Structures are given as structure tokens and as C-alpha cells.
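Structure first, then comments.
The values are calculated or read from the model by the stated rules, or taken from the named source; none is laboratory data. All figures in this text were calculated on a predicted structure; none of them were measured in a lab. Please note: Cβ atoms are built from the backbone with ideal geometry, for glycine as well, and neighbour counts cover all protein chains shown.
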Number of protein chains: 2
Amino acid sequence: MMDRPLLLKRLLWRAENVFGDKEIITRLPGGYHSYTYADYGRRTRQLAKALEGLGVRPGDRVGTLAWNHHRHFEAYFGVPCMGGVLHTINLRLFPEQIAFIVNHAGDRVLLVDPDQLPLVEELADRLETVEAFVVLGETVPPGTSLRPVYAYEELLADRPSDWEFPEFGEDAASGMCYTSGTTGDPKGVLYTHRSTVLHTLGLSLQDSFGVGEAMRLFLITPMFHANAWGLPFAAAMQGSTLILPGVHPEPRTYLEVIEDQRATHAVGAVTVGVLMRDAVEGAERAYDLSSLDVLWLGGQAPPRGLMEWWKTYSDTVIPQGWGMTEASPLLTYTALRSKYAGASEEERYRVRVKQGIPLPLAEIRLVGERGEDLPWDGKSVGEYAVRAPWTARAYYNDPRTAKSFVDGWFRTGDVGVIDPDGYVHLVDRVKDLVKSGGEWISSVELENSLMAHPKVAEAAVIGIPDETWMERPLACITPRGDVDRAELMEYLSARFAKWWVPTEYVFLHEVPKTGTGKFDKKALRARYADPAARREERR
Amino acid sequence: MMDRPLLLKRLLWRAENVFGDKEIITRLPGGYHSYTYADYGRRTRQLAKALEGLGVRPGDRVGTLAWNHHRHFEAYFGVPCMGGVLHTINLRLFPEQIAFIVNHAGDRVLLVDPDQLPLVEELADRLETVEAFVVLGETVPPGTSLRPVYAYEELLADRPSDWEFPEFGEDAASGMCYTSGTTGDPKGVLYTHRSTVLHTLGLSLQDSFGVGEAMRLFLITPMFHANAWGLPFAAAMQGSTLILPGVHPEPRTYLEVIEDQRATHAVGAVTVGVLMRDAVEGAERAYDLSSLDVLWLGGQAPPRGLMEWWKTYSDTVIPQGWGMTEASPLLTYTALRSKYAGASEEERYRVRVKQGIPLPLAEIRLVGERGEDLPWDGKSVGEYAVRAPWTARAYYNDPRTAKSFVDGWFRTGDVGVIDPDGYVHLVDRVKDLVKSGGEWISSVELENSLMAHPKVAEAAVIGIPDETWMERPLACITPRGDVDRAELMEYLSARFAKWWVPTEYVFLHEVPKTGTGKFDKKALRARYADPAARREERR
């Protein structure tokens, strides 16, 4: 058989040659920018030449701090197809974390949205490896202190666009993302061309996302969040119309874009589904969302009430999946198996609240506390261990690898059951993490910081249910003297991104412990899920 | 990323664990055999142990001469997952060709259907590498002269079924098929685990065959014909219900199976679609084929009238694809792009008679006579050159490789145009081959043999349209003395399979030639497409 490495440029070949007339649409203030995949392909080559001109060589990292728009999407193929590594950075992180990530990844060039310049200017002194900043716009805004700094459009202008991307091995790195873990600094995951191509095929399969040419795919999930589920790659390969929300989108914006562009599929965090619903209900006019067949909501399990609301409002289905940055991200997808075709609505919901069956090539085990295999009986609860050609085998340059990657399997930290017919159903989600608006908050980092406060003896942070954000952190404090909520909030606000800081606190004589002396978060979660219980123990 | 070789056992893992309750159904005389993918997985392991017991080691070839049934399907995973190479042999070939193929491949074990025993007994003396024969049944029929010979079920009985298939590199050979070429002996194509897994993903994509769990897939295409388009692998990976027609199926049998098993999708040669239609029209009762949504007809382009008949009779769609043994086989698929959604029936047919757009990872070029690239303008006619991770880079152990594989591209020998939006449309199909009932007939082999006849000066064989077989060979003869149709038929019948032998002959003063002195087959085809023209020049 031919030795054809699985390279991202093969997907781009299809986008350009077979779907050269299909469109990529970006919301602008007061209108839309739109061009074709043929235009897009030419610009990815111009971007590659521009980066080459800045000294970027195969294997070099190119970071992005950007919203979802066509220029950011150009980096998705332009950077890896020239041999570079696209490092998408979560612009919602705390500046300290962003500096850590850029340095740890060794980014040589940063592509930055104009509105992110103040953030980058503040950090610039601490960025050890960055040699050039590129502003994603027509010109460099006057007055920026960044040096050297270029305007994206000026860099691309007049670059050649009709040459062929180079050929290299499929195990070459293509991208990287950082994930917040339970302990300490963010952890990096390095994707390869091979893993990304295989994951893209996985997304486009029947009974998976089934990305196809007829889709008008509205990408609300940030492109810095696990590659926006890898959907930008799938859209290009399959020729879907890609619709991007642009900078600073708001819930009402989403509704307008769906209406304007007749989006058939949209993808975002569960919180996005909630906020859109609230915007519809609070609006003075009706929105025509009838084009929207499917709304994929990720980050955590969408509540059934939300699924029902969307079904009623616009006949929109919310299928589920399960994934993580370490897995590119998708591992399972809730295709409703044909045996449920004749089932009652109630029975179908009982299946649809599960996270689905493993994708082809993704294997899963249910692991007990002593590392033993547990049966797929829908009752035994264990931790999921996974492996696939698109799951990481290690964190990038990180000693914490050993704990998560055991005998060739990635221990996900997620806990649940597996049904006899392969449906994965998370019952406890992730043990220690809090997931707010689809983004991780590390409880352990908050705890460590709180316990460093002179008036705090013990601190355990758990997730509590929240209607808008799905989960918010609750800090359970054993005080060492006189301390209150306001003081701790002020203390944490100086150290963490705003959305990380808990607004709810309870004060205890002692944090309950498990047999091995660890905080018993399961007990805390059970106790404080009820707002009334929290009110009792506030000061 | 994890180093997870793309092995067929990963697809089997999914079939067994996720779709363990789904069924594989085989038509038997007077009933059906049925079991689950869980049962199937256990038997593939028993088969592997049985073959191991016969001395089969990694890399060894295991040949099959068999119809489409569950035992043959067990070899599809059982042989390659243990490291062996599954060599499916076309049981309709002339015995001489079968002997050549078995020897050329070096098959060590042959799995043979009971009805094929007389054929194999006749050949046994000439099979140089075969060390054991296995009869695909409960017992060995008494009186066979084959030695050593075993019964499949006796070999499998009591073998362990709960062990894990070994891990090895994805470039290991998994299967092989032989294709008849324009010149001389059949040519072998060796598939690898990697190529087969990637092709299976390709078949299961949205806008491709889209093989999925809900399909009830009736596999009429022989499992010795380019791996039955690779669909058995896709069915297992995706958990489709697989329906197999068993031994010696006939057109009426197909109709009964579709009716009995409520098949939703069926696949076969164009001739099968014609014969089923004729069987429906000649039947004394109506057949309920309402379950059949899709009928894939391969081998050559289905005539529009046939497409319309099926649409009218059972609301069955006939999409097209294009492929070949050298390409695993699928390269293109006619997904109707969304821009045709509002098109008239007439416009849609104009697209649907084309062979479709390249699958992801499959690249295509249109090559002119001097090797130059021709534009995709829907007008320029050239030869298709292709490459994909599932196309061959050489024929197996064959010097004819150099001619077909040029600069990393496979020259398909097929000729046509490519539209600006990537639709491939074959205008001249294959230059020299005749395709009868979906099977190749080598015109050059027939010509060489005819010209060896003492009373024949020149012989050119071309394909002429045939309502049932799509094409039949016509022999255009310049005689050297007194010779007639009957004599030549008798002469060829001793040398070729019955269906290869032309029944129509025309006798000419001279076969027309091209500028370079070759037979001008284009001119001959144009002249003799009309039966009246042929009648005039018969004797």
C-alpha cells in the first residue's frame, strides 16, 4: 500500500479542490465577512510564508490568543501544514497562567486579537521565548508597547499562495492545548498530524457527529478549547459551511447569527445552551431558530429540562458526547441505537442522558479501586481508562504524566458505569474538579492558595449546582481566627481569574475526611448541594 | 499521542463489546443461520487457533474459495487478526487462473466451500504451496481426494475463544486480492491492516457509504470481489446487521432475503440490479421491497433507466461510486451536494450518473497523453491518476508494476473528466477491458489466444452493450482461411472460463488501426455498438 502519511494538508486539499466554492462566514460588528475554501487555502499558504519570514521553522510553536474568526481558522491549517505547531491559548485564563503556558510551550510567535493587546502588553516582560507579535487585523493599533509587532494583513499581503505544503512524517506535532488539572500548573497536550487526521475522521463518521457537506456549522465553542472539539478540521475536510461568531459574542448574538445564516448545527458549552434559552425567553421578539437541527453542548452533561426546552422551541436535538483535551477531545457519542427506534419518549431520554458509545478505534475500560477491570453491567462504578490513536500518551514535558498514564491507558479521572451495550454513563463526573460554564476550575489550586492565607486552617473547594454555570465553586473553610467571605474573595481575586473565585463560603469546625485522611468531597457535595444547608453554615 | 497501530482487531473489539447483541444472518437452504457479533468474535479466535494448529504463522497466506456466509466472514477477521493474510479467490475464474493465483500468492491453507471441492480436487496436483484443505462445513464429505483435509467445524470445536489477538505493526499485510489486467496473468494486490482500517473509516463517513448501526446490510457482492467493497469490515466496526446470501444465490433468492430480513441497504454488481428487476417483473407475486432504501450497484455505471425503475418500484436510491481492487476499492462516492437540494429531478440525475467526489484522503489527478495535468473543467478528457493511504503502491511480486505506478500515483486506466466541483465522470471507462456482470474480461488475453489460432490473422476484442451483463465481448476477426464462429468458440472454451468466451463475432478484411499501429478499439466500439452493424459483418 502507498506510504501516504496522514497529514493535515490532505484535508486542506479536499477543502480547496472539492469544496472550493463552499463558504466560511465570520460575524463582524454590523455584518459578516465571507469567503470560500479556495480563498481560504490561498491565505493559509500566505500565512505560512509570513511565519517563515518571521523565522518559524518546522517544530516551532505559534501561539494564538484569539476569538473564533476566519484569521484564527487560517492558523488551524496554515501553521501545522508548514510544519509548525499551533498552540491555541485560553484567553480567559488568569494572566499568570497564560505566561506560564506560553513559556512552557516555548511559543516563538504569538498571534493576538486587537482586544487582547493590553493583556499581552502586561505580560510581555515575562514571555521568555516569544520573538514576534502579530496583531490579527489590518494594521497595528498605535501606541502598543509590544516589539517587534506586525499586522496580520500586512504580513500576508503579496505572499505567494500557489505552492505546495511540504511532506513529512505523520507523527510530527501539529498542535497543542493546555488543560487545568487537579494540582498545580496547566498541563500541555501535544497533538500530531496523525492523531488529528484520525480524530477528524472519527468526528465525521455515521453515528458520530457525522460532519457533512450540507451542514451549516456554527462554532460557538472557543477555538482555544480543545481545538473547538476538532470541528474546524472536520468542516474543512467535509466541506461544511463554517460560521464563526467573531469577537466578544453574546447570547443574543448567537441567536441572531443562527437566524441570519440559517445554521443547521451549533456547538458550545452547556452554559451557552442555557444563556441562549434565557435570551430567547427574555427577548422582546421571537427568534426563528427553525433551521437549527442539532445543538451540541459540551463540557458537562446537559440537564434534561434544557434538552426538552430546545426540542419544544425549535425542534432542536441535543446529543451528548464525552471527551477531554487529552483525547483530542472526543471519545464517545450518544447515537441512539436502532433498538430504541420504537421506544417511548421517556425511554429515549433515559438513553440520551448518557454520554454514549465509544467511537471506532477508541477503547475503554472500567477500572476499580485496585486497578481491576469492572464489568459492563450498568451498575458497577469505576474510573474510565481510555486509549485511542488520538489520546495523549503523556503530558508535554511534565512529571505528572506517570500518575495519569498507566500501562498504556489514560486514567481519565471520570467515574461512572458502562452498560452491557457499551453506553458510558458518568455518575460522578470528575472527582475533584469544578466545571463552570464549560471551563475547568482547579479546586486544588484554590485550596492551596486559601490554605496559604494566615487565617485559614483547612480549605476544601467543591462544585455546587448552578443554574447558569452548571457548577460554581464552594469554599468550605476551617478558620484560624476571624475571617469572612469578603476578605477571602479579595485575597483570591488578586491571584486568580475572576470566574475562578468562589462567591459562596461555608465555615466549619473541621472539614470531613476519608479513611486515608483526604478531604471527603463526596460528603461535602452531598451536604451542600442544597442552598439551605449552605445558608446555615455561612457567617 | 499514543502509539496505537491501526489494526483490524480494534474494529473487532468494537463489534464484540459495543455491538455484541447485533446479528449476522446467513441464508441457508430453507431457512437462516443467525448469531451475534459476540458469538462471531469468539469464533474468529477459535478459527485463529485452528489455523495456528495447522501451522499458519504471521505473514502466511490463507486462501478462500467460498460464497458469502458466516464462516467466510469469520475468516475476514480471524485470519488477519492472528497475523495471517486473507486471500479471497474468485471462484468463477478459469481453473488455470485459480492455480496460478494460489501458487503466486503462496497460499498455505485453503478454506473451501463443499460445492467447490471438485474444482480444487482437479487442481490439487498443481498447487505447489498448499499444505492443508479445510472444508467449510460440519464434516468432510466422503470420497474427496484432497489430503490433508479437515472439516471447519471439527477444527474449531473446543478451541479457546477468550484470549487476546496479538499486537503488531499496522503495516503488516492483512489481505490480498487478484485482479485481471489487460495483459497476461492476474495481478495481486496486498492490503495492510493500516490501509484496511483507513478504508473502513472512509466507507463509514457521512457523504460516503455512511455505514451505520441502523443499517440492515445485504451483501450480494461476492466476498472474493475486492473484499466485497470492504463493507464486511465496516459492518463490524459500526455494528450494522449483516445479511449474507449463502451459497449459489439467484435473483429470486435476493428478493426473498430482502423481504424476509427487511434489508435497508444492498450491494451488488449492476447486473444484479438488472436481474432482480427482471425477476420482479417476471414473478407471479409482488415482492415487498419497501424496506430497501439504498441499492449500491458496482462494477460499472448503472443505466439511468435502471435507477428510475428502482425509484418507482420501491423508492430505492442507487448512488454511485468508483473504485478498483488496487484501491481497496473505493475512491469516489456520489453524495449529492447540498446545492442540488432544490434542483429538478432532471438536474439531479445529471449529477447522479457521475461517479462522485473523492473520499477524504483520496487524491486524484487528471492526466493528459504527455503526462501533463489537465484542468478540472468538466470538458478536458484524461486518465485518472490516484493516490490514497488505501491504494496499492505496487502489484505483488509483479514486473508490470512499473507501468501502472508512476511518481507515486496509480494510473487507473480509466478515462474521463472532472468537474470544477470535484465530480469525477468516467466517459470511456477502461480502455481495453470488457466488464461483464461486474467482472473483468481481459480482451488482450482473448486476442492473444485467438491470434494463436492457425486460421486467424488479426483479432481485436471489444465490449459491446448487453442488457443483462452490461457488456459482452465481441471478437473482430481478420481470418486467414476458412474459419467460423463455432470453431472459434470451441477453441476458446478449452482455454477460458465459460463467461469469458465471446458469443458474437464479426469478420473483417482488416482491423482498423490508430496512428501508432495499434487496434483502434474506439472506432470498433463506435461501429459495432449497433446490433445491426454486427449482423451485416457476420458470416
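For A:A38, the conditions (1) surrounded by fewer than 20 Cβ atoms within 10 Å (Cβ to Cβ); (2) not in a helix (DSSP H, G or I) all hold with the exception of (2).
Figure legend. Inter-residue proximity from region A:417-435: first residues farther than 16 Å from A:G323 by Cβ, second residues among the basic types (K, R) and modelled with pLDDT under 85, beta-carbon distance below 8 Å, spacing 6+ or different chains. Indicated pairs: A:D428/A:K522.
All conditions in (1) under 19 Å from the mean Cα position of the chain (by Cα); (2) within 18 Å of B:V18 (Cα to Cα) hold for A:R352, with the sole exception of (1). Is region A:347-370 home to any residue that is farther than 30 Å from B:R216 by Cα, touching a residue at least 60 places away in the same chain (Cβ under 8 Å) and not assigned by TED's automatic domain parsing to the domain that holds A:M176? Taking every residue of region A:347-370 in turn, none turns out to be farther than 30 Å from B:R216 by Cα, touching a residue at least 60 places away in the same chain (Cβ under 8 Å) and not assigned by TED's automatic domain parsing to the domain that holds A:M176. Has region B:436-448 got at least one residue that is part of a loop (DSSP other than H, G, I, E, B), closer than 16 Å to B:L524 by Cβ and more than 20 Å from the chain's Cα centre (by Cα)? No: zero hits.
Scanning region B:291-319 for residues that are closer than 24 Å to B:L203 by Cα and either among the polar types (S, T, N, Q) or touching an Asp or Glu at 6+ places or on another chain (Cβ under 6 Å) (or both) yields a count of 3.
On inspection, B:L203 fails the criterion of being touching a strand residue (DSSP E or B) at 6+ places or on another chain (Cβ under 9 Å), surrounded by fewer than 24 Cβ atoms within 10 Å (Cβ to Cβ) and within 30 Å of B:K435 (Cβ to Cβ). Taking region B:37-51 as the range and being over 26 Å from the mean Cα position of the chain (by Cα) and within 14 Å of chain A (Cβ to nearest Cβ) as the test, only B:A38 passes. Does region B:77-96 contain at least one residue that is modelled with pLDDT under 95 and of a type in the set (D, E)? Among the residues of region B:77-96, at least one is modelled with pLDDT under 95 and of a type in the set (D, E), which makes the answer yes. Within region B:98-154, the set of residues being of a type in the set (K, R) and crowded, with 18+ Cβ neighbours inside 10 Å comprises just one member, B:R108. Of the residues making up region B:155-179, those that are within 14 Å of chain A (Cβ to nearest Cβ) and surrounded by 12 or more Cβ atoms within 10 Å (Cβ to Cβ) are B:F165, B:E170, B:D171, B:A172, B:A173, B:S174, B:G175, B:M176, B:C177. For region A:189-220, a residue qualifies if it is away from chain B (no Cβ under 13 Å) and over 18 Å from A:F77 (Cβ atoms), and the qualifying residues are A:F218, A:I220. In this structure, does B:M237 turn out to be in a loop (DSSP other than H, G, I, E, B), among the hydrophobic types (A, V, I, L, M, F, W, C) and touching a residue at least 24 places away in the same chain (Cβ under 8 Å)? Taking the combined requirement at face value, the residue does not satisfy it. Taking the stated definitions as given, is A:D398 away from every other protein chain (no Cβ under 12 Å), farther than 19 Å from A:P420 by Cβ and in contact (Cβ under 8 Å) with a residue 40 or more places away in the chain? For A:D398, the condition - away from every other protein chain (no Cβ under 12 Å), farther than 19 Å from A:P420 by Cβ and in contact (Cβ under 8 Å) with a residue 40 or more places away in the chain - is met. B:L7 satisfies every condition listed in (1) surrounded by fewer than 24 Cβ atoms within 10 Å (Cβ to Cβ); (2) within 11 Å of another protein chain (Cβ to nearest Cβ); (3) in contact with a helix residue (DSSP H, G or I) (Cβ under 7 Å, 6 or more places away or on another chain) except (1).
Applying the set (1) in a loop (DSSP other than H, G, I, E, B); (2) over 22 Å from B:P249 (Cα atoms) to B:Y150 leaves exactly one unmet item: (1). Here is a check on your reading of the model: is A:V456 at pLDDT below 85 and over 19 Å from A:P531 (Cα atoms)? Taking the combined requirement at face value, the residue does not satisfy it. When region A:201-253 is filtered for residues that are within 19 Å of B:L198 (Cα to Cα) and among the acidic types (D, E), only A:D207 remains. Give region B:402-415 a look and list any residue that's surrounded by 16 or more Cβ atoms within 10 Å (Cβ to Cβ) and at pLDDT 85 or above, or say none. Selection gives B:S404, B:F405, B:W409, B:F410, B:R411, B:T412, B:G413, B:D414. Screening the candidates B:A228, B:A263, B:A269, B:A234 for the property of being within 27 Å of B:G41 (Cβ to Cβ), more than 14 Å from chain A (Cβ to nearest Cβ) and not β-branched (V, I, T) yields one hit, B:A228. Looking at region A:10-35 only, could you name the residues that are at the interface with chain B (Cβ under 9 Å from one of its Cβ atoms) and assigned to a helix (DSSP H, G or I)? If the condition is that a residue be at the interface with chain B (Cβ under 9 Å from one of its Cβ atoms) and assigned to a helix (DSSP H, G or I), then A:R10, A:L11, A:W13, A:R14, A:N17 are the ones that fit.
If you check B:F133, B:F168, B:F209 for being assigned by TED's automatic domain parsing to the domain that holds B:A38, without any contact (Cβ under 8 Å) to a residue 40 or more places away in the chain and among the aromatic types (F, W, Y), only one passes: B:F133. Of the residues making up region A:43-55, not a single one is closer than 17 Å to A:F224 by Cα, assigned to a loop (DSSP other than H, G, I, E, B) and either in contact (Cβ under 8 Å) with a residue 24 or more places away in the chain or not aromatic (F, W, Y) (or both). Filtered by the rule that a residue be part of a strand (DSSP E or B) and buried (at least 18 other Cβ atoms within 10 Å of the Cβ), region A:467-501 gives A:M470, A:E471, A:R472, A:P473, A:L474, A:A475, A:C476, A:I477, A:P479.
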